[in-house]
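Let me begin by presenting the structure, written as structure tokens, before commenting on it.
The values are calculated or read from the model by the stated rules, or taken from the named source; none is laboratory data. If you're wondering where the values come from, they're calculated on a predicted model, not measured in any experiment. Reconstructed Cβ throughout: ideal geometry from the backbone, glycine too, with neighbour counts over all protein chains shown. With ligands, DNA and RNA removed, areas are computed over all heavy atoms of the protein, side chains included. Shrake-Rupley method; radii C 1.70, N 1.55, O 1.52, S 1.80 Å.
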Amino acid sequence: MEESSYEYFDVCIVGASIAGNYLSFLLSTSNLRIVVLEDHREIGLPFQCAGIISQKLSQLIKLPKGIVLNQVITAKIVSSSGKFIKLSGDEHPYIVDRVALDRLYYDKNQRNTKVTYYLGEKYKSFEYQIDNDKKYVLIETSKRKIKSNLLVGCDGPLSSVGKQLKVKNDVLYATQIRIKAHFSEDEAAMYFDPQWKQLFGWIVPEGNLIFRIGIAAANNVNECFKRFLEELNIDINNKIDQQGGIIPYGIMNHIAFDNIVLLGDAAGQVKATTGGGIIMLLTAAKYASRCVNLCFKNNNFSKKAIKKYYEKPCSQTIGRELKLHYLIRLILEKFKDKDFVIFFKIIKENRIEHLITLYGDMDFPKALIIKLLRKRTVLSFVLKFLVKNPVIIFKILKLLF
Ligand SMILES: Cc1cc2nc3c(=O)[nH]c(=O)nc-3n(C[C@H](O)[C@H](O)[C@H](O)COP(=O)(O)OP(=O)(O)OC[C@H]3O[C@@H](n4cnc5c(N)ncnc54)[C@H](O)[C@@H]3O)c2cc1C
């Protein structure tokens, strides 16, 4: 390929959803030439999110008016037989306008001439090129060829960048409707059931009596959703609109390669307990931005450097918490209705709600888990449960070693 047939950018980001837009915004002050490739023509569409995000969002980014549509104060956890517990604490998660959130940093980036967006353009593949002893990535899109020092895959759960690096996410399939209904406006509900054991069914109040009702499962998601709506007595024909989507399931992947970084859903930075990825990816994007700047400062784009500046800090922070989310998920997947009933009873009888109020954190559960396991009743319940389900112990050991 002729050298002149390539456009040159310092950084090429694939995907202009929340991860790609936020990272390019963070990098926009660094004087680097950045290109963002997005397959879709419109940012934020199709809308595919329940949009429930902890209040940490406003610590991580400056939230303009209009993004937060509602806040919930109670989480209702419902077992398959309809038994439930309601929990509330200091955390009042936001319900956000996800399309507006995706557009927030895209709009800001439009004011910066160093950031170029190519919309309606698909990333296809990359190859390495050595030029004057320096390694570059040559990127092929549906419309052009790009040469870059760094390629960042923010291209979601089925990442094409990741695929070429042999990084693959296990995934869940999700479906959701928005509908006018009469549930509680300040309560988010999670419905657990063996048929959709890899996550749960949800009711999230958007505000103005509009609810986002959805489900995610590894198989038969449409069948599960039909059953879920029947249980809720909801007629799908009254929906305002319907969304689908894919959620990575597991723990964080390898995210550092020579001249290449993976971020967001592409990196598996998603909580296995809830399918939520936004707090994790915003946290990781800050490490990624620092890493990119250090790579340029040191003129070193090797896997070793990217591991040191990006993968290691991610692993030591969100990576550990994501493992914990996955361990909790492994346990929840084996929960039978009677286990939920016993667990609800333990929480109520031992006044564990106050621990949840003090230490409960939707994103970083470590502190709460440690406090809970110090309660004899909880520890004995978990140990008995693990003895009855030794397969979980093997999975935990595999994860740790
Ligand atoms: C139904 C559903 C509900 C969810 N609810 C919540 C929630 O309540 N709270 C929460 O925190 N998280 C939630 N999530 C997860 C959250 O939406 C993701 O973690 C988040 O969107 C990940 O952002 P991202 O930028 O990494 O990837 P994505 O949002 O998946 O964006 C990837 C982008 O890359 C583009 N792209 C892909 N391939 C290419 C290519 N080859 N070339 C060019 N562009 C490409 C895509 O078009 C897309 O714009 C939910 C997810 C789903 C599916």
**Request:** Note down the magnitude of the dipole of segment 284-370 about its Cα centre, charges +1 on Lys and Arg C-beta and -1 on Asp and Glu C-beta and zero elsewhere, to the nearest 20 debye.
**Result:** 560
**Asked** For Asn238 and Phe394 in one chain, what is 0.36 nm times their gap in residues minus the Cα-Cα distance, to one decimal in nm?
**Response** 51.6 nm
**Request:** Taking the Cα centre of the chain as origin, sum charge times position over the Cβ atoms of Lys and Arg (+1) and Asp and Glu (-1), and report the length of that vector in debye to the nearest 20.
**Result:** 1400
**Fill in**
Note on segment 3-147: the mean projected area of its alpha-carbon convex hull, in nm², is 12.4
**Prompt:** Per residue, how much accessible area does segment 325-400 have with a 1.4 Å probe, in Å²?
**Reply:** 61
**Item:** Check: segment 1-60 dipole with +1 on Lys, Arg Cβ and -1 on Asp, Glu Cβ, in debye
**Value:** 440
**Computed accessible area, Thr113, all protein chains, 1.4 angstrom probe, square angstrom** = 140
**Item:** Proximal charge balance of Ile73 [Cβ under 13 Å; K/R count +1, D/E count -1]
**Value:** -3
**Request:** Please give the net charge around Ser17, taking every other residue with its beta carbon less than 12 angstrom from that of Ser17, where Lys and Arg add +1 and Asp and Glu add -1.
**Result:** -4
**Item:** Largest to smallest accessible area among Glu185, Glu230, Glu311 [probe 1.4 Å]
**Value:** Glu230, Glu185, Glu311
**Prompt:** Assuming R0 = 35 Å, what is the FRET efficiency of Gln55 and Lys143, from their Cβ-Cβ distance, to the nearest 0.05?
**Reply:** 0.30
**Prompt:** Going by alpha carbons, how many degrees (0 to 90, nearest 10) lie between the helix axis of 221-232 and the longest principal axis of the chain?
**Reply:** 40
**Asked** Counting pairs of alpha carbon atoms under 8 Å apart in space and at least six apart in sequence, what relative contact order in percent does segment 325-400 give?
**Response** 28
**Complete:** Out of Ile347, Phe192, Ala256 - ranked by how far each Cα lies towards the positive end of the dipole of the chain, with unit charges on the beta-carbon of charged residues - the top one is Ile347
**Message:** Amide H of Lys124 versus every other amide H placed in the peptide plane: which residues, excluding those fewer than 5 positions away on the same chain, fall under 5 Å?
**Reply:** Glu140, Thr141, Ser142
**Prompt:** Can you give the angle from 0 to 90° between the axis of helix 278-298 and the longest principal axis of the chain, with both taken from C-alpha atoms, to the nearest 10?
**Reply:** 30
**Request:** Measure off, as a whole percent, the carbon and sulfur share of the 1.4 Å-probe accessible area of segment 192-340, all protein chains present.
**Result:** 49
**Request:** Counting helices only, and only those DSSP H runs with n ≥ 4, report the 222 nm mean residue ellipticity of the chain as the sum of -39,500 (n - 2.57) divided by its residues, in deg cm²/dmol to the nearest 500.
**Result:** -10000 deg cm²/dmol
**Item:** Which of Ser380, Leu327, Ala288, positive extreme of dipole for segment 280-386 (C-beta unit charges)
**Value:** Ala288
**Message:** Rounded to the nearest percent, how much of the accessible area of segment 73-139 (1.4 Å probe, protein heavy atoms only) is carbon and sulfur?
**Reply:** 44
**Request:** Can you send over the solvent-accessible area of His92, 1.4 Å probe, protein chains only, in Å² to the nearest 10?
**Result:** 60
**Asked** How much area per residue is accessible in segment 170-323 when the probe is 1.4 Å and only protein heavy atoms are counted (Å²)?
**Response** 40
**Request:** Beta carbons within 10 angstrom, averaged per residue: use that to sort the peptides 321-329, 39-47, 390-398, highest first.
**Result:** 321-329, 39-47, 390-398
**Message:** Just want to confirm a number: the relative contact order over the chain, from Cα pairs under 8 angstrom separated by 6+ residues, in percent.
**Reply:** 17
**Message:** Taking each pair of distinct Cα atoms in segment 325-400 once, what is the resulting Kirkwood hydrodynamic radius in Å?
**Reply:** 13.2
**Request:** Give me the angle, in degrees from 0 to 90, between the Cα long axis of helix 320-334 and the longest principal axis of the Cα atoms of the chain, rounded to the nearest 10.
**Result:** 40
**Asked** Could you sort Ile240, Ile34, Ile52 by accessible area so the largest value comes first, with the probe set to 1.4 Å?
**Response** Ile240, Ile52, Ile34
**Request:** Grab the beta carbon distance between Thr377 and Lys135, set R0 = 56 Å, and tell me the FRET efficiency rounded to 0.05.
**Result:** 0.50
**Asked** What does the accessible area of Met362 come to, in Å² to the nearest 10, when a probe of 1.4 Å is used?
**Response** 60
**Asked** Measuring from centroid to centroid over Cα atoms, what is the spacing of segment 295-310 and segment 42-66 in Å?
**Response** 30
**Message:** Sequence gap at least 6, Cα distance under 8 Å: using those rules, report the relative contact order of segment 252-401 to the nearest whole percent.
**Reply:** 21
**Request:** With a 1.4 Å probe and every protein chain left in place, work out the accessible area per residue of segment 1-99 in Å², rounded to a whole number.
**Result:** 46
**Message:** Tell me the Kirkwood radius of the chain: reciprocal of the mean inverse pair distance over distinct alpha-carbon atoms, in Å.
**Reply:** 22.2
